[in-house]
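**Q** Dropping a structure here in structure tokens format, bear with me for questions.
The values are calculated or read from the model by the stated rules, or taken from the named source; none is laboratory data. Quick caveat: nothing in here was measured; it's all calculated off a predicted structure. Because the Cβ atoms are built from the backbone with ideal geometry, glycine has one as well, and the counts that use them run over all protein chains shown. Note: areas computed on protein heavy atoms with side chains; ligands, DNA, RNA excluded. Shrake-Rupley method; radii C 1.70, N 1.55, O 1.52, S 1.80 Å.
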Amino acid sequence: MPLISLSPNIDINIDKLATRLGGKKQQDFSYAVSEKITMFTEKMSRMLSPHLYYQTIKVDSVNNGEIELSGGITFFSIKLSKVMKECSEAVCFVATIGKDIDREIIRMMEQKHLSDAFVLDAIGSLLVESIVNDFWKKMKIKHQKAGRVVSLRFSPGYCDWSIEEQKKLFQFLDLNPVFVKLSHSCLMSPRKSISGIFGISYPHTTHFVEAYNPCKNCHKKDCNERRV
Amino acid sequence: MSKNEILEKIYFNVIQGRFRAHDEGIDEGLKGQEAVSDLVTKALSDGIPAKEIVVDALTKAMGRVGSKFETGEYLIPDMLASADCVGGAMDILKPFLIKDGVESKGKFLIATVAGDLHDIGKNIVKIILKGEGYEVIDLGTNASADSIIDAAKENNVQFIGLSALLTTTMITMEKVVEMSVAAGIRDKIKILIGGAPTSHEFAMQIGADAYCSDAFKAVIFLRQNSVS
């Protein structure tokens, strides 16, 4: 399975950070929050240990709500099946930024610096998100060159895809638990980790795969992961 | 410094989110100046009653912070910095309040349920309620239904607050409600739930008393529901 060790990249999308901190795009931060963002961004490079694991697998069939992958893995989700509808391959992945940030957040909370912990937690979430986005974009470009198209990515626990299905994803990826492990209740450790899947389709199906976005019809307007 | 000046300064520094002298404020240029910790200690040594410090400085300031948060002037970390100040001040004031015979508004047991280790949200609620004058008993994360009910009986609490961030762990919330009935304490306590996958519908379905989408909703519920 390809394992990518990434060099720490601390580019933070300030608009996305503002949203996670309870604000909006082009938000003015208070002096204290601005200072915290600067301080944590500087400290972050010493805390990050980013890794991404992925595996490409053949899609055997996609029916209404059922996605059968090669090797007998079946995922159940109406929305995921729409995303994967015309895909012949799937890429399963898990990304993490490592444990150090978890430890630092816990330390801050123990010292009753809840505000600091909240800002660092938000920055950590954005960084792991950006790792996955970068990976997805690279895969998209790579497949585009070969005339293929990749779908939007999807993670267990979002929309109608049960978080319990994450167990199948981890079983399939057979990860070394030193890097990322999954608890019985489907909590990933390190906490700043993301697992998911996206599909790859061939030229005759590109229009649908590229265009389909389940977020467009979703009522959960306050979702942090909304892609509209 | 007169009594009013000290109380005004405490009020100002809570709004600025400055507990210690080295803390930055919402506005630039305050680092190094006296902050809540020193000012509360000074107020007590000047003989200002602890209850007056709570009512005329801390509660008043937190009310102002709440308004600033509601209008979007303060983001979550700004509000938390102020809450951190109030929590820290209450730690200093607690023995004086007890000595003066000032009772807490009630005992609130809080926990993140079994299988779940997310605690930022729980800690936000904890610190806000502490600032509101409740005695908060924190069972931490990964708390089983048994341990929650045992602690509720042992401490004779009036409120239980349960947090979950995973759909897989929400079932413990239902167990707590059921076990509180079996233990004969259900009619003596109010059970509040919160966390991303929970909802008002889920709260009603499991027989909880309230779903709180954030810490301030919990405060509103508590103000309207005192248990004798």
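**Q** Add -39500 (n - 2.57) for each DSSP H run of 4 or more in chain B, then divide by its residues: what number comes out at 222 nm, to the nearest 500 deg cm²/dmol? The partial results should precede the final answer.
**A** On the way: 9 runs with 111 residues, N = 228.
Value at 222 nm, helices only, nearest 500: -15000 deg cm²/dmol.
**Q** For each pair in A:Lys58/A:Lys137; B:Lys122/B:Lys175; A:Lys145/A:Lys167, compute the distance between the two Cα atoms and list the pairs where it is over 25 Å.
**A** On the way: A:Lys58/A:Lys137 20 Å; B:Lys122/B:Lys175 19 Å; A:Lys145/A:Lys167 33 Å.
The pairs that break the limit, which is 25 Å between Cα atoms, are A:Lys145/A:Lys167.
**Q** What nm value, rounded to one decimal, do you get for the distance between A:Ser45 and B:Ile185 when each label is placed 7 Å out toward the C-beta?
**A** Each label point is offset 7 Å from its Cα along the Cβ direction, giving 5.2 nm.
**Q** How high is the relative contact order of region B:3-99, in percent, counting Cα pairs under 8 Å that sit 6 or more residues apart?
**A** Once normalised by length, the contact order is 35 percent.
**Q** Need one number: % antiparallel among DSSP beta bridges in region B:21-166, to the nearest 5. Kindly include the intermediate steps, with their values, before the conclusion.
**A** On the way: 0 of 10 bridges.
For region B:21-166, the DSSP antiparallel bridge percentage is about 0.
**Q** Another one. Which distance in Å, rounded to a whole number, links the C-alpha centroids of region A:35-76 and region B:1-53?
**A** 47
**Q** Okay, next question. May I ask you to list the residues of region B:154-168 whose amide nitrogen lies under 12 Å from a point 7 Å from Cα along the Cα→beta-carbon direction of B:Gln205?
**A** B:167-168
**Q** Could you let me know the centre-to-centre spacing of region A:103-129 and region B:204-227, using Cα atoms, in angstrom?
**A** 27
**Q** If we count every other residue with Cβ under 9 angstrom of A:Ser189's Cβ, Lys/Arg +1 and Asp/Glu -1, where does the sum land?
**A** Values: positive: A:Lys99, A:Lys181, A:Arg191; negative: A:Asp102.
Here the charged neighbours net out to +2.
**Q** Let me know the shape class of chain B, please: from the alpha-carbon gyration tensor, a ≥ b ≥ c as square roots of the eigenvalues, rounded when a/c is under 1.5, otherwise prolate if a/b is greater than b/c, or oblate. Mind showing how you got there, number by number?
**A** Working: a/c = 2.45, a/b = 1.73, b/c = 1.42.
Judged from the Cα gyration tensor, chain B comes out prolate (a/c at least 1.5, a/b above b/c).
**Q** Then there is this: Taking chain A as the reference, fit the longest principal axis to its C-alpha atoms, fit the long axis of helix A:114-145 to the helix C-alpha atoms, and give the angle between the two in degrees, 0 to 90, nearest 10.
**A** With rounding to tens, the tilt is 30 degrees.
**Q** Can you put A:Lys16, B:Lys122, A:Lys36 in order of accessible area, largest first, using a 1.4 Å probe? Please report the intermediate quantities before stating the final value.
**A** On the way: A:Lys16 95, B:Lys122 10, A:Lys36 30 Å².
So, going from the largest accessible area down, we get A:Lys16, A:Lys36, B:Lys122.
**Q** Against the longest alpha carbon principal axis of chain A, how many degrees, from 0 to 90 and to the nearest 10, is the axis of helix A:31-47 turned?
**A** Here the helix axis deviates by roughly 60 degrees.
**Q** Helix B:3-16 sits at what angle to the longest principal axis of chain B, using alpha carbons and giving 0 to 90 degrees rounded to 10?
**A** 50
**Q** Also, I was wondering about something else. Assuming 0.36 nm per residue, please report the length gained on full extension of the stretch A:Val178 to A:Arg103 beyond their Cα-Cα distance. Numbers along the way, then the final one.
**A** Details: separation 75, 0.36 × 75 = 27.00 nm, distance 1.57 nm.
25.4 nm is the gain from fully extending A:Val178 to A:Arg103.
**Q** May I ask what percent, to the nearest 5, of DSSP beta bridges between residues of the protein assembly as shown are antiparallel? Don't jump to the answer; show the numbers that get you there.
**A** On the way: 32 of 49 bridges.
Antiparallel bridges make up about 65 percent of those DSSP assigns within the protein assembly as shown.
**Q** Another question, if that's okay. Leaving ligands, DNA and RNA out of it, work out the accessible area of A:Leu69 with a 1.4 Å probe and give it in Å² to the nearest 10.
**A** Looks like 0 Å² after rounding.
**Q** At q = 0.05, 0.06, 0.10, 0.12 Å⁻¹, what is the log10 ratio I(q)/I(0) for the protein assembly as shown, with the Debye formula run over Cα points and no solvent?
**A** -0.21, -0.30, -0.80, -1.08
**Q** Another question about this same structure. Consider a paramagnetic label point 7 Å from the Cα of A:Cys218 along Cα→Cβ; state which residues of region A:160-204 have an amide N under 11 Å from it.
**A** Of the residues in region A:160-204, A:160-161 have backbone N under 11 Å from the label point off A:Cys218.
**Q** Quote the relative contact order of region B:107-224 in percent (integer), defining contacts as alpha-carbon pairs under 8 Å separated by 6+ residues. All intermediate terms of the calculation are to be shown ahead of the outcome.
**A** Working: 214 pairs, mean separation 33.2, N = 118.
Taking the mean separation of contacting Cα pairs over the length of region B:107-224, I get 28 percent.
**Q** Using the Cβ atoms and a cut-off under 11 Å, what net charge is assigned to the surroundings of A:Asp100, where Lys and Arg are +1 and Asp and Glu are -1? Present the calculation step by step, with values, prior to reporting the outcome.
**A** Numbers: positive: A:Lys43, A:Arg46, A:Lys99, A:Arg103, A:Arg107, A:Lys192; negative: A:Asp102, A:Glu104.
Net local charge, A:Asp100 excluded: +4.
**Q** If you don't mind, there's one more thing I want to ask. If packing is taken as the average count of other Cβ atoms within 10 Å, what order do A:88-98, B:1-11, A:155-165, B:181-191 fall into, highest mean first?
**A** Ranked from most to least packed, the peptides come out as A:88-98, A:155-165, B:1-11, B:181-191.
**Q** Across bins of 5 angstrom width beginning at 0, how are the C-alpha pair distances of region B:107-224 distributed, in whole percent?
**A** Cα pair-distance distribution for region B:107-224, in percent: 2, 13, 27, 28, 22, 8, 0.
**Q** Quick one: buried accessible area between B and A, total over both chains, 1.4 angstrom probe, nearest 100 Å²?
**A** Details: alone 11290 and 12250 Å², together 21200 Å².
Buried area between the two chains comes out at roughly 2300 Å².
**Q** Note down the nm distance, to one decimal, between modelled labels 7 Å out along Cα→Cβ at A:Gln111 and at B:Ile171.
**A** 4.0
**Q** Something else now. What's the FRET efficiency of A:Gln27 with A:Ser189 using the Cβ-Cβ distance as r and R₀ = 30 Å, to the nearest 0.05? Each step should come with its number before you reach the end.
**A** Working: r = 32 Å, r/R0 = 1.05.
In this case the efficiency is close to 0.40.
**Q** Of the cross-linked pairs B:Lys94/B:Lys153; B:Lys94/B:Lys217; B:Lys3/B:Lys190; B:Lys42/B:Lys130, which ones have a Cα-Cα span greater than 31 Å in the structure shown? Write down the numbers at each step before the final one.
**A** Details: B:Lys94/B:Lys153 23 Å; B:Lys94/B:Lys217 25 Å; B:Lys3/B:Lys190 39 Å; B:Lys42/B:Lys130 21 Å.
The pairs that break the limit, which is 31 Å between Cα atoms, are B:Lys3/B:Lys190.
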